[in-house]
Structure formats: C-alpha cells, structure tokens
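Accompanying notes for the structure given below.
The values are calculated or read from the model by the stated rules, or taken from the named source; none is laboratory data. For clarity, every value in this text was computed on a predicted model and none was experimentally measured. Backbone-built Cβ (ideal geometry, glycine too); neighbour counts: all protein chains shown.
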Amino acid sequence: MNEPTPAPSDRPRGEAPGPHLVVSIHDVGPATASAARAWERALRDLPVPLTWLVVPGPYRGATLADPSDDGEDLIGWLRDREQAGDEISLHGWTHRADVVGGPVRRAVGGLVARGAAEFWALDRGESAGRTGAGLEALAGRGFAVTGGTPPGWLSSRQSRSGMADAGLGYVTDHAGLVDLGTGRRWNAPALCHRPATATGRPGGPAATLAERAGRVVLRGASRLVRLHGSVRIGLHPADLNSPALVEDAVTTIAACLDAGAVATTYAYQFDRLRAAA
C-alpha cells in the first residue's frame, strides 16, 4: 500500500486576501479519465490550482482498479496533478442515489443532481461506511484526502455526521464549505453549467434553453468577484460536449482572475478555517 503524503502546494503563502476562486473538476474516475485530461488541457494556461473530485467506487462500470477509458494511467496522472499543486478530493462512492428518501427529498435530488445525489438521504452509518471506503481506496493509492464534495453538492444532516465519523475534514454544499469538526463555514456559491446533454435531446429546444441559462449563470461569477465575493466554479465531463460551454468556462475563470480573485483549492479554504478557529 502506498502511504499518503501531503502534497506540495502552490496555494497562496500565508493569508491570501479575497475574494477567492475555487475551480473543481467533477466526476473523475477511470470511465471519465479522458474528460478529466481534456479539462486540464483547456485550463492549463490559467494560473489556477484545480480540485479534482474523484469517485473511487464503482462508477460507470469501473473502479479505480480498472483501466482508464483512454488507456492512460489515471492514478499516476492524478499524482502528477497533486504534485503540481492541485487537490485530490472525495466525490462520493458510487455517484448514484440508490437511497432516495421521501417524496420531497426525492424530488429535490432528482432536480438538482439528476439521480446522482448519493448522500442526500443516507443515514449516519451508511454515510460513514461509504465515506470510509472512499477514503481508504484513495489512501491506498497514496492520496491524503482532506475533504469531499457529495454529488450534486447535496448531503443530509445525518450523512454529514457519518462523513465526520469516517474522518472527513470538510464537506461542500451549494453555499460553500463546512468544517465538519468545528461547524465553521466559508461562504462562496457554487456555479456550474447545466449541460444540454442532461436536459433532453442535444440540440433540442429544452437542451438549448438549459445551455443558455447555464452560460448566463456562469458568467455571473466575475460580477460577484467585482463585488468582493468569493465564488466556486464546477466543471463536469458533459460540459465538454459543447465547445461553447468550454469556451465560456475558460473565459469566465480568466475574467474572475482579472477582477481580482485569488485562485485556491478547497483544502486551502479548510486550512484557513482551522487556522482561524
């Protein structure tokens, strides 16, 4: 077993004045490795450390032990990204809502996460089990993971308690990041596209409207930064199906930097909370 070691980081030294920007790449696993690498190529010219949200359990027919969809070494590549200053973070275990809860919770999870809200209705014990399995799988490959983002940014109070029981340090939601040990919070809204491929037939009226709405939402990030607000941008594999969405993402991140945002990882924000406690 590889012993996880803290990664060297190009996070800002000392206290970096805000506003801050976190860019996360979601749904990373062997079945989506080519998409992860495509996002890295699209963003590599921007001075932004990335947070890679890894699904270590069975996801889209593969686990971390399986070959990547592009035939390349995903684990070695993620180690390289971590050494370059990026963060490896937990993104659920299966990325599938096999426990859906009551009617209201089921409706919210379906709308927001489209069947992926894995931690939205879990009890404490089940959440601890899945979180622990994910942390163990990543630790076994040499990654010292600090926290995680549940699929769809959705988790219940019980599931958060289970995450803390398993040793997770922080969890994120739509409004920001929460230190699971102290309850302290870093507030920064999460913005992302709602890709056309997730909203009906690509090119159809519903998909086109959804894509336009997602682009408008994402473009609001730099406006928030100019008001001295921190912001988070989440990018998904399906976004790559539209060159316009990719261009918007790159342009928006650059605009946030131009407006004065300091780019960090989630782990940096967690360290700030702990230092201020």
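Got a number for residues in region 121-142 being touching a helix residue (DSSP H, G or I) at 6+ places or on another chain (Cβ under 9 Å) and closer than 20 Å to Leu154 by Cβ?
Within region 121-142, the first condition is being touching a helix residue (DSSP H, G or I) at 6+ places or on another chain (Cβ under 9 Å), and the residues that meet it are 121-132, 141-142.
Pick out the ones that are also closer than 20 Å to Leu154 by Cβ and you get 121-132.
Qualifying residue count for the region: 12.
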Query raised in the report: Taking region 78-91 on its own, how many of its residues are closer than 19 Å to Gly134 by Cβ and part of a helix (DSSP H, G or I)?
Result: 4
Query raised in the report: Name the pairs whose Cβ atoms lie under 9 Å apart, with the first residue in region 177-189 and basic (Lys, Arg), the second at pLDDT 95 or above and assigned to a strand (DSSP E or B), and 6 or more positions between them or separate chains?
Result: Arg184/Val178; Arg185/Gly176; Arg185/Leu177; Arg185/Val178; Arg185/Asp179
Report task. For Val55, state whether it is closer than 24 Å to Ala117 by Cα and either in contact with a strand residue (DSSP E or B) (Cβ under 8 Å, 6 or more places away or on another chain) or of a type in the set (Asp, Glu) (or both). Result -> yes
Report summary line: Reported set for region 22-43 where residues are under 23 Å from Ala261 (Cβ atoms), touching a Lys or Arg at 6+ places or on another chain (Cβ under 8 Å) and either of a type in the set (A, V, I, L, M) or buried (at least 23 other Cβ atoms within 10 Å of the Cβ) (or both) is Val22, Val23, Ser24
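Results for (1) modelled with pLDDT under 95; (2) closer than 20 Å to His193 by Cα; (3) not in a helix (DSSP H, G or I), shown as yes or no for each residue.
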| position | (1), (2), (3) |
| --- | --- |
| Glu15 | yes, no, yes |
| Ala35 | no, yes, no |
| Ala38 | no, yes, no |
| Arg41 | no, yes, no |
| Pro47 | no, no, yes |
| Trp52 | no, yes, yes |
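How about region 104-222: which strands (runs of 3 or more DSSP E) wholly inside it have at least 2 residues that are at pLDDT 65 or above and closer than 22 Å to His236 by Cβ? Even if it seems obvious, please write down each step before you answer.
Values: elements: 170-172, 176-179, 185-187, 190-192.
In region 104-222, 170-172, 176-179, 190-192 are the strands (runs of 3 or more DSSP E) which contain 2 or more residues that are at pLDDT 65 or above and closer than 22 Å to His236 by Cβ.
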